[in-house]
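Data first, discussion second: the structure below is written as structure tokens.
Any read-out appearing in this document is the output of simple, stated calculations on the displayed coordinates, not a laboratory observation. Computed from a predicted structure; not experimentally measured. A quick note on method: Cβ atoms are made from the backbone with ideal geometry, for glycine too, and the neighbour counts reach across all protein chains shown.
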Ligand code: FAD
């Protein structure tokens, strides 16, 4: 008997519960990917997600072929395509791994109902989370809104099942089953904007495992402190691989726990695992508060007066021409690599939501289009946290000062100089606030804006004023 395994954001063969369940039940597996981005509206994947997906699908295709199978690629309405494929292959079952965005849950529920109505087995599994959102609640039976108690409870309940290895052989898929090629999906950008990405990344399962090895041998040691400094590789950079399910959090956790760590690194490993916990928490929040991808979680901001964005200022922020060096470095890192350091994400977001007082959705939308790790749960939580509108958020009145942040976390200015070559000759500390050193800047950085696009001090006062006016 045949079963369809529907690949979505679980683009790996090891520790893939849906694939494993189909094989263990004795089915001949037909792996399929259906391209239907509009079904995720209003958060259809952006350009950076698509260019990553292009390469990740190529990688999965190769891995499946190496095992004697192949990836069937279709485009259109997921339900119709799966239904048609089930008829063509006389499949008796459909297996997939769950996702947690509201639009995807609604779509998957329709698919499940349709297949069951047809008399087929339709079965979903957990491949993406250590703790699924509905399996944990506060003492009062409510969803969590604060990270620390959430994680304290969650760590004790993490599924201890061992991550499984990839199958060593898969049944061939009949040549009669038609498929598009990955290139037919038109995922690669039409302009050459992503050419600089690929010196930084290797999409796919093998690339993810390689990066985990690099992390364990390197940045994991000292992670707790080093993760804050954007001038070095202080974190794992596994976020796009996790988003596309090229690696599972369970695989990461088990690898980390299997390692024989010197005692001095235990604090780092635990801290890293708690960052995976933030990813779990974000998914918990989005599942229980599905409107928060577009609306504030905190009701306190109902009457807050956000400013109407000035298109020129928004464009300057997007492309790293704000005149604030750390912000420009971050936004250019994002444009050139599809990723930005976490600390800098917080700084650029704070400038947008607090100094400019633009609604966080303006920033979330840009990140959505340009991040290779764009993830609705993490992005929503990251923006709401920084804007102060989220659960367990940094309060709105705590406004990052980009200049002191640069001094603390990019003390030598290495990160700023790497991404903003116009400032390469500026010495520290003038580099952090060139407008305060006008003469030097005119001489050493003539191509850089002479003034920041917003007065940091005055805008800070205005933001605090707007906050008290809304209370
Ligand atoms: P590491 O430090 O190595 O952490 C390991 C993993 O833990 C990450 O890969 C990620 O999956 C998870 N993680 C770490 N920090 C967080 C966090 N604060 N929230 C949720 N998960 C976390 N992360 C995304 O994956 N996608 C996004 O779209 C996204 N948007 C963000 C927007 C803003 C405004 C902010 C402030 C943060 C955002 N983050 C997002 C969270 C965080 O910046 C990235 O997960 C992290 O920088 C990825 O780098 P890394 O893999 O080296 O992280």
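So how tilted is helix 456-469 from the main axis of the chain? Cα-based, degrees 0 to 90, rounded to 10.
70
Stokes-Einstein D for segment 285-353 at 20 °C, 1.002 mPa s, Kirkwood Rh over Cα pairs, in µm²/s?
Details: Rh = 13.8 Å.
Roughly 155 µm²/s, to the nearest whole number.
Using alpha-carbon pairs under 8 Å, 6+ residues apart, how would you state the relative contact order of segment 299-469 in percent? Intermediate values should be presented prior to the final figure.
Values: 224 pairs, mean separation 43.6, N = 171.
Worked out over segment 299-469, it gives 26 percent.
Note down the relative contact order for segment 225-373 as a percent, whole number, built from C-alpha pairs under 8 angstrom at least six residues apart. All intermediate terms of the calculation are to be shown ahead of the outcome.
Numbers: 93 pairs, mean separation 31.8, N = 149.
Relative contact order of segment 225-373: 21 percent.
How far is the Cα center of segment 366-417 from the Cα center of segment 91-120, in Å?
The distance from the Cα centre of segment 366-417 to that of segment 91-120 comes to 36 Å.
Compute the Cα gyration tensor for segment 68-143, then decide on rounded, prolate or oblate, letting a ≥ b ≥ c be the square roots of its eigenvalues: rounded whenever a/c is under 1.5, prolate when a/b is larger than b/c in the other cases, and oblate in all that remain.
Numbers: a/c = 2.40, a/b = 2.08, b/c = 1.16.
Judged from the Cα gyration tensor, segment 68-143 comes out prolate (a/c at least 1.5, a/b above b/c).
Would you calculate, for the chain, the mean residue ellipticity at 222 nm contributed by helices, counting each DSSP H stretch of 4 or more residues as -39,500 (n - 2.57) and dividing by all residues, to the nearest 500? Before the final figure, lay out each step's value.
On the way: 19 runs with 209 residues, N = 471.
Taken over the chain, the calculation gives -13500 deg cm²/dmol.
Which of 288, 241 comes first, and how do the rest follow, when ranked by fewest Cβ neighbours within 10 Å?
Working: 288 16, 241 30.
Least to most surrounded, the residues fall as 288, 241.
Is the chain best put as rounded, prolate or oblate by its Cα gyration tensor, with a ≥ b ≥ c the root eigenvalues, rounded for a/c under 1.5, and otherwise prolate when a/b is larger than b/c, oblate when not?
Values: a/c = 1.80, a/b = 1.71, b/c = 1.05.
It is prolate, given that a/c is not under 1.5 and a/b is the larger ratio.
Sort 114, 284 by Cβ crowding within 10 Å, fewest neighbours at the top. Numbers along the way, then the final one.
Details: 114 17, 284 28.
Ranking 114, 284 by Cβ neighbours within 10 Å, fewest first, gives 114, 284.
Can you pull the percent of Cα pairs in segment 299-469 with separation above 30 Å? Don't skip to the answer; put the middle values down first.
On the way: 2002 of 14535 pairs.
Here the long-distance tail beyond 30 Å is 14 percent of all Cα pairs in segment 299-469.
Quick check: the angle from helix 376-387's long axis to the longest principal axis of the chain, C-alpha only, nearest 10 degrees?
Result, in degrees: 20.
Under 8 Å for C-alpha pairs, at least 6 residues apart: give me the relative contact order for the chain, rounded to a whole percent. Provide the component values of the computation, followed by the final result.
On the way: 730 pairs, mean separation 79.6, N = 471.
Relative contact order of the chain: 17 percent.
So, in Å, what gap is there between the alpha-carbon centers of segment 137-188 and segment 209-264?
18
Enter the mean projected area of the convex hull around the alpha-carbon atoms of segment 328-371, in nm², rounded to one decimal. Mind dumping the intermediate values first?
Values: hull surface 10.7 nm².
For the Cα atoms of segment 328-371, the hull's average projected area reads 2.7 nm².
What is segment 212-315 by shape, rounded, prolate or oblate, if you read a ≥ b ≥ c off the alpha carbon gyration tensor as root eigenvalues and call it rounded for a/c under 1.5, prolate for a/b larger than b/c, and oblate otherwise? Numbers along the way, then the final one.
Numbers: a/c = 2.46, a/b = 1.87, b/c = 1.32.
In terms of gyration-tensor shape, prolate.
Neighbouring Cβ atoms within 10 Å as the yardstick, rank 380, 196 fewest first. Mind dumping the intermediate values first?
Details: 380 26, 196 12.
With the fewest neighbours first, 380, 196 line up as 196, 380.
Can you give the convex hull volume per residue for the Cα atoms of segment 244-395, as a whole number of Å³?
Numbers: hull volume 20.3 nm³, N = 152.
It is 134 Å³ per residue.
Along the principal axes of its C-alpha atoms, what lengths does segment 2-127 span, in descending order and rounded to whole Å?
38, 35, 26
If one takes the longest principal axis of the Cα atoms in the chain, at what angle in degrees, from 0 to 90 and to the nearest 10, does the Cα axis of helix 78-89 lie?
Value to nearest ten degrees: 30.
Please give the contour-minus-distance gain from residue 308 to residue 257: 0.36 nm per residue of separation, less the Cα-Cα distance, rounded to one decimal in nm. Walk me through the numbers on the way to the answer.
Values: separation 51, 0.36 × 51 = 18.36 nm, distance 4.88 nm.
Additional length available on full extension: 13.5 nm.
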